[in-house]
1. Per residue and in cubic angstrom, what volume does the convex hull of the Cα atoms of the range 38-96 have?
2. Does anything in the range 48-78 have its amide N under 18 Å from the 7 Å Cα→Cβ label point of residue 18, and if so which residues?
Ligand SMILES: [Zn+2]
Ligand SMILES: [Zn+2]
């Protein structure tokens, strides 16, 4: 018996769930904005320097702010213009 795969969820997997926020993009005014748990392998917004430089750092010694989510652990961006809004203060009001 031949198995077939459906591609309905080609853009979705369990670790990549996006949410919509009612905030407006400060750059282009687009709404809603999108967010998801940071996929940059950070730990609640911070990266262990040891992962980048195991010679000069030991695990847990030094942390740097994640360049994707800016220390928030949540990536936020404008789906229209692509602006990274993780560190931008916006009234985030999740509705989806
Ligand atoms: Zn991050
Ligand atoms: Zn925008």
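Values quoted throughout were computed directly from the atomic coordinates according to the rules given, and no laboratory measurement underlies them. Because the structure is predicted, anything quoted here is derived from the model rather than measured. Note: ideal-geometry Cβ built from the backbone for every residue, glycine included; neighbour counts use all protein chains shown.
1. Details: hull volume 5.6 nm³, N = 59.
Cα convex hull per residue, to the nearest whole number: 95 Å³.
2. Once the point is set 7 Å along Cα→Cβ of residue 18, 68-69, 74-78 turn out to lie under 18 Å by backbone N, inside the range 48-78.
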